[in-house]
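We did not get these values from a lab; they are worked out from the coordinates using the rules stated. Remember, predicted model here, so these are calculated numbers, not experimental data. Every residue, glycine as well, gets a Cβ built from its backbone with ideal geometry; the counts of neighbours run over all protein chains shown.
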Amino acid sequence: MSVAFNRHGTWAIYRFEMARFLRTLLQSVLTPVITTSLFVVVFGAAIGGRMSEVNGVPYGAFIVPGLIMLSLFTESISNASFGIHFPKFTGTIFELLSAPVSPFEIVLGYVGAAATKSFLLGLIILATASFFVPIGILHPAWMIAFMALTAVTFSLFGFIIGIWAKNWEQMQLIPTLVVTPMTFLGGAFYSIDMLPPAWRTVTLFNPVVYLISGFRWSFFGTSDVGVSVSLAMTLVFLLACLALVALIFRTGYRLKH
């Protein structure tokens, strides 16, 4: 017997999470906009003066895709992890689990809202950066696709972190100590072709390299790794997160105890 999709329950979760975003709209938008402006101005002036182009792209424009990806990673993880961890913290998670909504609908509501917020923020950062440096987008459809796929993937990852974390401090552990360093070492502000061969080989084990490289290709038509490889790696990470979320709900890991 098929079970009807509870769109009202999913929409309620999605709307609640989006309302929280709107209540803190100023700080949610202002902080990354200021950070982006500083990165573009400081890096563009300090490093761009010494290194005018990277792979034929002006350095100021070259770092914009990396800045957008950095914000997408951090905001997707932060929004999704906070969204599911707060009900755990207050104890209302049990009401959610006993409500007539399936695990799929719960994930769709929380992850959908987190991905929407980070996606919109990525567009705002792109618009902000365009005031400082001229930016051309060769493949706009692919740019949107990479942004959406990355936002959903890292929102799922953040959802997992929010369930795994036992407290607020632990929830910040992986984004601070793992994701942010991997982003800075993943070619956000440089081409990995500029690294010595040995370090370039090591860098290729960093999955963030493939995400940033594919996204940068949608802007300039150049990338450190093949765009098909970038897309495949992103899909593999997405499927791994989906499998882990399914396992969490099937076993009740840190949800029912």
Residue 19 vs. criteria in a helix (DSSP H, G or I) and under 22 Å from residue 208 (Cα atoms)
no
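Working carefully through the options 220, 237, 249, find the one that is more than 19 Å from the chain's Cα centre (by Cα), touching a residue at least 24 places away in the same chain (Cβ under 8 Å) and closer than 19 Å to residue 81 by Cβ. Lay out the reasoning, then the answer.
Working: 220 fails: closer than 19 Å to residue 81 by Cβ; 237 fails: more than 19 Å from the chain's Cα centre (by Cα).
That would be 249, the only listed residue that is more than 19 Å from the chain's Cα centre (by Cα), touching a residue at least 24 places away in the same chain (Cβ under 8 Å) and closer than 19 Å to residue 81 by Cβ.
Taking segment 107-149, which residues are part of a helix (DSSP H, G or I) and among the aromatic types (Phe, Trp, Tyr)? Outline the logic, then answer.
Initial filter on segment 107-149 (part of a helix (DSSP H, G or I)): 107-129, 140-149.
Within segment 107-149, 110, 119, 142, 146 qualify.
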Residue 41, sole failed condition from (1) surrounded by 20 or more Cβ atoms within 10 Å (Cβ to Cβ); (2) in contact (Cβ under 8 Å) with a residue 60 or more places away in the chain:
(1)
Looking at this structure, is residue 152 part of a loop (DSSP other than H, G, I, E, B), among the β-branched types (Val, Ile, Thr) and touching a helix residue (DSSP H, G or I) at 6+ places or on another chain (Cβ under 6 Å)?
no
Could you list, in sequence order, the residues of segment 120-169 that are farther than 21 Å from residue 42 by Cβ, surrounded by 15 or more Cβ atoms within 10 Å (Cβ to Cβ) and not aliphatic (A, V, I, L, M)?
139, 142, 146, 150, 153, 154, 155, 157, 158, 159, 162, 164
Please count how many residues of segment 9-46 are in contact with a Phe, Trp or Tyr (Cβ under 7 Å, 6 or more places away or on another chain), under 24 Å from residue 184 (Cα atoms) and not small (Gly, Ala, Ser).
3
